[in-house]
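Report on the structure given below.
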Amino acid sequence: MLIKRMKQVSALFVAILFGSAAYADCGPSDASIRILASDFPAIHAVAGTAEEMCGSSAGEFTRNHTTEARAIMNEAQTPNPAVYTSVIVANF
């Protein structure tokens, strides 16, 4: 009984901690945010949330979801300035 109650309290604590509104520091305003990402539903959600939270303060916000992200990520970040500011890939 005690273990079950402790699990319930722990679950409630985690829900409160992670369920609260998050604050995102998007960096300097008018910065460029260019994301290269795998075409995967969870990554669409992460990049979409980033755009919702930081898109209005960014000078430029673009997302490119492609199945070829892993193959082109090194070339995309090599030039100076890089084509993308971040890469998010799924390990599947």
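Laboratory data are not the source of any read-out in this text; all were calculated from the coordinates shown. These numbers were taken from a predicted model, which means no experiment stands behind them.
Close amide H pairs (under 5 Å, H built 1.01 Å from N) link Asp39 with Thr66, Thr67, Ala69, residues at least 5 positions away or on another chain. Let me know the shape class of the stretch 28-92, please: from the alpha-carbon gyration tensor, a ≥ b ≥ c as square roots of the eigenvalues, rounded when a/c is under 1.5, otherwise prolate if a/b is greater than b/c, or oblate. It is oblate, given that a/c is not under 1.5 and a/b is not larger than b/c.
Once backbone amide H atoms are built at 1.01 Å from N, Ala31 has Gly59 as its partners under 5 Å, excluding neighbours fewer than 5 places away on the same chain.
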